[in-house]
Amino acid sequence: MNWKEIGELLSNPRQIVITAHQNPDADAIGSSLALMHWLRTISSHTITVIVPNDYPQFLHFIPGNSEVKVYHHTKMACESLLQKAEVIFVLDYNAPDRIGEMAGCLMKSKAVKIMIDHHLNPADFVHYTFSKPSASSTAELIYSFMQALGWEDNLTTDAGTCIYAGIVSDTGGFKHALTPEAFEISSKLVKLNIPLQEVSNALFNSFSEPRLRLFGHCLANKMELLPEKAAAIIHVDEEDRSRYDFQPGDTEGLVNYPLMISWVKVAVLITEKDGLVKLSFRSKGSYNVQNLCQQHFQGGGHYNASGGRSRNTIQNTIEQVKAVLPVMIPDSMPEGGI
């Protein structure tokens with residue numbers, strides 16, 4: 001990364017578009033809006049945040065949410081903005097296919113493209129890449145990006161709230177993917193008087209009744225325990241989605257619940273929508289689910305948190321997961337088994 005060139009580029013007013021991946025989460029939205037708020041303190045930029053599709057209602061608390069444009073709803077307007085852009089930021093994704101239909105227009109744009117991301121193996125489709133897979137989140141890297149350019153003091157409370165939301169979410173409330181930088185940055189953000197409790201409540205305590213009932217249903221009826229593999233699998237099919245008035249983001253965090261069982265080392269959530277099966281893997285300790293996703297499910301992510309997809313049926317995907325999970329008999333089991 002040539003920081004001098006980036007600094008010169010951003011020192012003067014530009015037409016800027018900030019993009020994030022499909023099905024954006026708190027890190028994607030938080031990073032994008034943090035960058036938007038911060039860049040506005042640097043120069044009189046014209047800035048638009050564009051995401052491919054809708055995201056969960058519980059993320060709408062993030063400062064600047066009302067300014068986000070959803071490509072799925074306003075394709076022509078978003079494509080015009082991408083075509084006119086002088087600078088396009090690529091946040092929290094590392095390859096064009098992560099933004100779906102938007103990819104074609106983004107790739108055709110003559111804008112200077114800057115990637116800020118924490119996923120492995122970034123594709124070579126941008127002019128500048130700031131990639132650090134060991135980072136807790138892209139939000140963490142947004143702060144580091146500001147530091148590297150020497151403009152850290154321009155951070156506002158709104159931008160700090162956005163960064164904090166991304167870090168808290170991607171670490172599961174400071175439970176995994178932890179880095180010294182995540183704690184150091186968070187301690188600095190607290191001094192900006194960001195609404196800590198509001199962020200935590202919005203991310204973790206803002207369930208709708210149908211969403212909570214969906215969780216209860218899945219844990220009671222759709223969770224299969226595999227003691228010989230120290231694993232658990234939860235699946236959510238089209239019938240479940242219909243029965244519980246499924247909304248975008250309603251399964252967020254569900255995959256973490258089986259890990260509360262002491263002997264479960266790997267948890268897998270398998271969901272079905274419009275013929276596409278998606279998988280989310282989480283693990284405790286030394287088991288690398290990233291490799292599993294890369295090798296078998298066209299995916300990847302992080303050591304203890306990764307995702308993938310399958311064109312198979314949901315039932316056949318479940319059987320495939322069982323087949324590829326290694327035998328990892330737990331050190332201890334409850335007396336009498338499960």
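Could you check, for segment 253-265, whether at least one of its residues is buried (at least 17 other Cβ atoms within 10 Å of the Cβ), hydrophobic (A, V, I, L, M, F, W, C), under 24 Å from N53 (Cα atoms) and modelled with pLDDT of 95 or more? For segment 253-265, residues buried (at least 17 other Cβ atoms within 10 Å of the Cβ), hydrophobic (A, V, I, L, M, F, W, C), under 24 Å from N53 (Cα atoms) and modelled with pLDDT of 95 or more: present. Among the residues of segment 102-111, those identified as surrounded by 14 or more Cβ atoms within 10 Å (Cβ to Cβ) and in contact (Cβ under 8 Å) with a residue 12 or more places away in the chain are M102, C105, L106, S109, A111.
Would you mention how many residues in segment 256-299 are in contact (Cβ under 8 Å) with a residue 12 or more places away in the chain and either more than 25 Å from A95 (Cα to Cα) or of a type in the set (K, R) (or both)? Number satisfying all stated conditions: 17. Going by the conditions given, is G166 touching a residue at least 60 places away in the same chain (Cβ under 8 Å), within 25 Å of S283 (Cβ to Cβ) and in a helix (DSSP H, G or I)? It is true that G166 is touching a residue at least 60 places away in the same chain (Cβ under 8 Å), within 25 Å of S283 (Cβ to Cβ) and in a helix (DSSP H, G or I). List the pairs whose first member sits in segment 49-73 and is at positive phi and assigned by TED's automatic domain parsing to the domain that holds D97, whose second member is charged (D, E, K, R) and surrounded by 16 or more Cβ atoms within 10 Å (Cβ to Cβ), and whose Cβ atoms are under 8 Å apart, counting only residues at least 6 apart or on separate chains? Here the result reads G64/D158, each pair linking segment 49-73 to a residue that is charged (D, E, K, R) and surrounded by 16 or more Cβ atoms within 10 Å (Cβ to Cβ).
If you check A148, A135 for being over 15 Å from D170 (Cα atoms), among the small types (G, A, S) and touching a residue at least 40 places away in the same chain (Cβ under 8 Å), only one passes: A148.
For every residue, the table says whether it meets (1) assigned by TED's automatic domain parsing to the domain that holds L120; (2) buried (at least 21 other Cβ atoms within 10 Å of the Cβ); (3) aliphatic (A, V, I, L, M); (4) touching a helix residue (DSSP H, G or I) at 6+ places or on another chain (Cβ under 6 Å).
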{"residue": "F145", "(1), (2), (3), (4)": "yes, yes, no, no"}
{"residue": "G150", "(1), (2), (3), (4)": "yes, no, no, no"}
{"residue": "D153", "(1), (2), (3), (4)": "yes, no, no, no"}
{"residue": "A159", "(1), (2), (3), (4)": "yes, yes, yes, yes"}
{"residue": "G166", "(1), (2), (3), (4)": "yes, yes, no, yes"}
{"residue": "L178", "(1), (2), (3), (4)": "yes, no, yes, no"}
{"residue": "K188", "(1), (2), (3), (4)": "yes, no, no, no"}
{"residue": "E198", "(1), (2), (3), (4)": "yes, no, no, no"}
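Every condition in (1) crowded, with 24+ Cβ neighbours inside 10 Å; (2) of a type in the set (G, A, S); (3) without any contact (Cβ under 8 Å) to a residue 24 or more places away in the chain holds for A85 except the one numbered (3).
I'd like to check something: does segment 124-144 contain any residue that is among the acidic types (D, E) and within 15 Å of the chain's Cα centre (by Cα)? Scanning segment 124-144 turns up at least one residue that is among the acidic types (D, E) and within 15 Å of the chain's Cα centre (by Cα). Among all residues of segment 139-149, there is none that is touching a Ser or Thr at 6+ places or on another chain (Cβ under 8 Å) and among the hydroxyl-bearing types (S, T, Y). Of all residues in segment 12-36, those that are surrounded by fewer than 24 Cβ atoms within 10 Å (Cβ to Cβ) have Cβ atoms under 6 Å from Cβ atoms of residues that are modelled with pLDDT of 95 or more and of a type in the set (D, E, K, R), 6 or more apart or on another chain, in R14/E86; Q15/K84; Q15/E86. Exactly one residue out of L203, L192 is hydrophobic (A, V, I, L, M, F, W, C), in a helix (DSSP H, G or I) and either in contact with a helix residue (DSSP H, G or I) (Cβ under 6 Å, 6 or more places away or on another chain) or surrounded by 22 or more Cβ atoms within 10 Å (Cβ to Cβ) (or both), and it is L203. Applying the selection to segment 300-328, what residues are of a type in the set (A, V, I, L, M, F, W, C) and either over 30 Å from L178 (Cβ atoms) or free of Cβ contacts under 8 Å to residues at least 12 places away in the same chain (or both)? Answer for segment 300-328, where residues must be of a type in the set (A, V, I, L, M, F, W, C) and either over 30 Å from L178 (Cβ atoms) or free of Cβ contacts under 8 Å to residues at least 12 places away in the same chain (or both): I314, I318, A323. Take the residues in segment 43-75 that are more than 16 Å from A165 (Cβ to Cβ), in contact with a helix residue (DSSP H, G or I) (Cβ under 6 Å, 6 or more places away or on another chain) and hydrophobic (A, V, I, L, M, F, W, C), then tell me which one is surrounded by the most Cβ atoms within 10 Å (Cβ to Cβ). Restricting to residues being more than 16 Å from A165 (Cβ to Cβ), in contact with a helix residue (DSSP H, G or I) (Cβ under 6 Å, 6 or more places away or on another chain) and hydrophobic (A, V, I, L, M, F, W, C), the top hit is I50.
What do you reckon, is V126 touching a Lys or Arg at 6+ places or on another chain (Cβ under 7 Å), surrounded by 15 or more Cβ atoms within 10 Å (Cβ to Cβ) and either in contact (Cβ under 8 Å) with a residue 12 or more places away in the chain or not β-branched (V, I, T) (or both)? Yes: the conditions hold for V126. Looking across segment 95-136, the residues that are modelled with pLDDT of 95 or more and either at positive phi or assigned to a helix (DSSP H, G or I) (or both) come down to P96, I99, M102, A103, G104, C105, L106, M107, K108.
Restricting attention to segment 137-154 and to residues that are acidic (D, E) and within 20 Å of T179 (Cβ to Cβ), the residue that is modelled with the lowest pLDDT turns out to be E152.
The values are calculated or read from the model by the stated rules, or taken from the named source; none is laboratory data. If you're wondering where the values come from, they're calculated on a predicted model, not measured in any experiment. When we count neighbours, we look across all protein chains shown, and the Cβ atoms used for this are built from the backbone with ideal geometry, even at glycine.
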